[in-house]
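Read-outs throughout are calculated quantities, based only on the coordinates presented, and are distinct from any laboratory measurement. Just so it is clear, the model here is predicted, and its values are computed rather than measured. Glycine gets a Cβ as well: all are built from the backbone with ideal geometry, and neighbour counts include every protein chain shown.
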Amino acid sequence: MSKAQFDAEAFYGALDAERLARGYNWKQVAQQSGVSASTLTRIAQGKRPDVDSMAALLGWSGLSADAFVRANVDGKREAEPLTQMMTYLRADRNLTPEGAAALEALIKAAYENLRKA
């Protein structure tokens, strides 16, 4: 049996990364996504968005809900987070191969230094 949970903190972090990549402030995100600023504040505080707000933010950001559902499923193994990050970096058309490699080195070093023992 599996138990799935929505990772609101990771969702907010991904939204924040998209916001920064576009050079927007949160008010602009609210306007463009159709989600209220108070909803974005609640998400920033770790609250889960309602389904309509989540759908609007997923549509605005191009993110997939699957990326934020954490499930413990017997027998199913998910790629390690660091592996997933490196895959996304290498697939980013906005980065040169050298730029992706530089970011990869930084992220790997920080991840190794900060991960739980």
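Volume per residue of the convex hull around the Cα atoms, evaluated for the chain, comes out as 135 Å³. Positive-end ranking of Val35, Tyr88, Ala17 along the dipole of the chain, with charges on Cβ about the Cα centre, is headed by Val35. In the neighborhood of Ala30, defined by Cβ-to-Cβ distances under 13 Å, what is the net charge if each Lys or Arg adds +1 and each Asp or Glu adds -1? Residues near Ala30 contribute +3 overall.
Residue separation of Leu89 and Phe6 scaled by 0.36 nm, minus their Cα-Cα distance, works out to 27.5 nm of gained length. Dipole check for the chain: with +1 at the C-beta of Lys and Arg, -1 at the C-beta of Asp and Glu, and the Cα centre as origin, the magnitude is about 200 Debye. Are there any helices in the chain, counted as whole DSSP H runs, that stretch 20 Å or more along their axis by Cα and score at least -0.5 on average by Kyte-Doolittle, and if so which? Those that clear 20 Å and a mean of -0.5 are 8-22, 97-114. Using the Cβ-Cβ distance between Lys108 and Ala55 with R0 set to 35 Å, the FRET efficiency works out to roughly 0.55.
Using the Cα centre as the reference, give the magnitude of the dipole from point charges on the C-beta atoms of the stretch 5-51 (Lys, Arg: +1; Asp, Glu: -1; all else neutral), rounded to the nearest 20 debye. Walk me through the intermediate numbers first.
Numbers: 6 positive and 5 negative charges, 36 e Å.
Result for the stretch 5-51 is approximately 180 debye, rounded to the nearest 20.
Distance from the C-alpha centroid of the stretch 96-113 to that of the stretch 5-51: 26 Å, rounded to the whole angstrom.
Filter Lys3/Lys47; Lys47/Lys108; Lys27/Lys108; Lys3/Lys108 down to the pairs with a C-alpha to C-alpha distance above 26 Å, please.
Values: Lys3/Lys47 19 Å; Lys47/Lys108 29 Å; Lys27/Lys108 33 Å; Lys3/Lys108 30 Å.
Violating the 26 Å Cα-Cα cut-off are Lys47/Lys108; Lys27/Lys108; Lys3/Lys108.
Taking the square roots of five times each eigenvalue of the Cα gyration tensor of the stretch 4-71, the equivalent ellipsoid has semi-axes of 18, 12, 11 Å, listed largest first.
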